[in-house]
Amino acid sequence: MKKTPILLVLVGALLAIPAAGAQVTVSPRTLPASSFSSFAISVPDEAPDAATTKVTVQLPADLSSVSFQPKDGWERSVTMVKLAKPLTNDEGETVTDRIATVTWEGGAIAPGEFDEFVLSGRAPDTRGTLVFPTVQTYSNGDVVRWIGDPSADSPAPRVTVTPRAGQAPAAAPAASDDDGGRDALTLGLAIAGLVAGLAALGVALFRRPKAA
């Protein structure tokens, strides 16, 4: 009689595993610094009886030259923010604002399906992480915020920016003269201690009484 509830719990846990593994992701997962790339935001529908009808993505502040791939059946809108300091793009044009968020709505991702929303942009010049916090809205009004860190239940999609090809790694700081002096002093004390120890050992052996 006690085996039935335990069996039901195990079956429920197994059924929950696939759903827990589905999350919003972005590809590629890594790319070199200063490179241009397409970014595909993959959005799965995890609800059993509701469709995904709206997707909003916050773009990284250091992602530049952003453009979007047309998405049939979806309407796209963006919000802009002013840059604290105007920049000059690769074409020599002065840029005073950037795209902060992009929203796709009007379409639908059915339960058990997924879809991709594609944009392109230029990675920053230095290595680091590009984070794409995403808010997913369902037809029943439920909202899932994919904004957490990598260990969270709802992590934000992330891209690792690696050093570009041929970029030299950061050099180790040079040792100062004071550091060299301290190192020489430490080495001298160590040698002196070793010599003293050997001398003491020689004296002890010399003074050992001879066996009868």
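Just so it is clear, none of the values below were taken in a lab; they were calculated from the coordinates. If you're wondering where the values come from, they're calculated on a predicted model, not measured in any experiment. Cβ placement follows ideal geometry from the backbone for every residue including glycine, while neighbour counts extend to all protein chains displayed.
The table for this structure:
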{"read-out": "Rounded FRET efficiency, nearest 0.05, which uses the C-beta distance separating Ser35 from Ala84 and R0 of 25 Å", "value": "0.50"}
{"read-out": "Candidates per GluC sites (Glu not before Pro) in segment 78-131, loop by DSSP, up to 10 other Cβ within 10 Å", "value": "Glu91, Glu93"}
{"read-out": "Whole-Å semi-axes of segment 37-135's equivalent ellipsoid (Cα gyration tensor)", "value": "29, 14, 11"}
{"read-out": "Convex hull (Cα only) mean projected area of segment 78-133, reported in nm² to one decimal", "value": "6.0 nm²"}
{"read-out": "Amide hydrogen neighbours beyond the local backbone of Ser154, cut-off 5 Å, H modeled", "value": "Gly148"}
